[in-house]
1. Does VAL41 meet the test of being assigned to a loop (DSSP other than H, G, I, E, B), touching a strand residue (DSSP E or B) at 6+ places or on another chain (Cβ under 8 Å) and buried (at least 19 other Cβ atoms within 10 Å of the Cβ)?
2. Scan (1) crowded, with 16+ Cβ neighbours inside 10 Å; (2) part of a helix (DSSP H, G or I); (3) hydrophobic (A, V, I, L, M, F, W, C) for the single condition ILE166 breaks and write down its number.
3. Would you confirm whether or not segment 169-178 contains a residue that is at pLDDT 95 or above, more than 13 Å from the ligand (Cβ to nearest atom) and not in a loop (DSSP other than H, G, I, E, B)?
4. When you scan segment 64-104, how many residues do you find that are farther than 30 Å from LEU132 by Cβ and touching a residue at least 12 places away in the same chain (Cβ under 8 Å)?
5. For residues that are among the charged types (D, E, K, R), part of a helix (DSSP H, G or I) and over 18 Å from the mean Cα position of the chain (by Cα), scanning just segment 104-144, find the one that is farthest from GLY236 (Cα to Cα).
6. Out of all the residues in segment 162-193, which are on the phi > 0 side of the Ramachandran plot and in contact with a Ser or Thr (Cβ under 6 Å, 6 or more places away or on another chain)?
7. Could you check segment 1-60 and list, in sequence order, the residues that are of a type in the set (S, T, N, Q) and either touching a Cys at 6+ places or on another chain (Cβ under 8 Å) or away from the ligand (no atom under 15 Å from the Cβ) (or both)?
8. Here are some residues: ALA205, ALA238, ALA152. Which one is in a helix (DSSP H, G or I) and under 22 Å from PRO44 (Cα atoms)?
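The values are calculated or read from the model by the stated rules, or taken from the named source; none is laboratory data. Values in this document were obtained by computation on a predicted structure and should not be read as measured data. All Cβ positions, even for glycine, are placed from backbone atoms using ideal geometry, and neighbour counts span all protein chains on display.
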Amino acid sequence: MRRKIVAGNWKMNKTFQEADELINEIIDGLDEANQKNINVVICPPFTYIELCTDYAQESEYSVGAQNVSNNDSGAYTGEVSAKMLHSMGVEYCIIGHSERRKYFKETDHELTQKAELLLKNDILPIFCCGELLPDREASKHFDVVKQQLGNALFGLDPLDFAKLIIAYEPVWAIGTGITATPDQAQEMHAYIRALISDKYGKEIAKNTSILYGGSCNAQNAKELFANADVDGGLIGGACLKATDFLKIIDSF
Ligand code: PGA
C-alpha cells in the first residue's frame with residue numbers, strides 16, 4: 001500500500017524563534033487532529049533540523065531536509081552530507097526542486113548521486129520533477145517529466161527505486177498562486193505511474209507515492225488529493241502558517 005504524505009517545504013524562511021513557534025503550533029494541531037495514517041513531513045532549513053527532530057520525538061511527524069550534498073564526505077565547504085542528516089534523525093530529503101535546478105544548476109547526474117547517497121544512509125528521497133510554462137504551452141510536458149525521471153532515476157535498481165517518493169511540481173504553479181487543475185494533476189500523476197510501471201513493473205508503480213506541488217493550499221488541497229493517483233502534497237507557501245498546513249493535512 002502506498003503512503004499518503006503531506007510534506008511542508010519551509011524553503012529559506014523563518015528565524016529560529018519563528019521556526020520554534022511554527023513547529024509548536026503544528027505539533028499542537030497534529031496532537032488534536034485525527035491523522036488518518038497520513039505521513040507528515042516537515043522540511044525546515046538545515047539550521048532548524050535539530051529543533052524539529054528534537055520535538056519530533058514527542059510528536060507524529062518526520063523531518064526532511066531540503067537538499068543534500070552529492071559527495072559522501074570531506075573537503076566540500078558549506079555542504080551537508082546524507083550521513084550527517086541521518087545522524088540528526090532526518091528521514092526524508094527533497095532533491096531536484098526546480099529552484100535548485102534553476103539557481104544552483106543541479107544536474108540529472110548530481111541528482112542520481114544524491115538519491116544513491118540518501119538511500120545508502122536510510123533517507124527517503126522526495127524527487128521533484130515538472131515542466132516550465134513554455135514546455136506545457138508546447139505540449140512537451142510529458143516528454144520533460146519522462147526525461148527528468150529517466151535521466152536521474154531509472155538507472156537505480158528496483159529495490160532502491162521502490163523507496164523513492166516522487167513530487168510532480170509544474171514550475172509554472174510554484175509560488176505563483178496558479179495551481180494545476182485536478183485533471184491536469186491526475187493526468188500527469190497517472191502518466192508518471194505508467195512510466196514507473198513500464199520500467200519497474202506494476203507492483204512498484206502501484207506502491208510509489210506521487211505528491212503534487214505548486215500553489216497547493218487549504219482551499220484546493222481536497223480537490224487535488226481526491227484524485228486516484230495523487231497521494232499527497234509538497235507544500236511551499238501554505239506550510240508557513242500552521243492553520244493552513246493543518247487544514248491541508250486534514251484535506252484527505
Ligand atoms: P508553493 O511551493 O506551494 O509555494 O507553490 C511548492 C514547492 O516549491 O514545493
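1. In short, no.
2. Result: ILE166 passes all but (2).
3. no
4. Here the count works out to 7.
5. Filtering segment 104-144 down to residues among the charged types (D, E, K, R) leaves 105-106, 108, 110, 114, 116, 120, 122, 131, 135-137, 140, 143.
Now narrow it down to the ones that are part of a helix (DSSP H, G or I): 108, 110, 114, 116, 120, 135-137, 143.
Going one step further and asking which of them are over 18 Å from the mean Cα position of the chain (by Cα), we end up with 120, 135-137, 143.
On the way: LYS120: 27, ASP135: 22, ARG136: 22, GLU137: 24, ASP143: 25 Å.
Only one residue tops the list, namely LYS120.
6. Answer for segment 162-193, where residues must be on the phi > 0 side of the Ramachandran plot and in contact with a Ser or Thr (Cβ under 6 Å, 6 or more places away or on another chain): just GLY177.
7. Correct list: ASN9, THR15, GLN17, ASN24, ASN34, GLN35, ASN37, ASN39, THR47, THR53, GLN57, SER59.
8. ALA238 is the lone residue from the list that is in a helix (DSSP H, G or I) and under 22 Å from PRO44 (Cα atoms).
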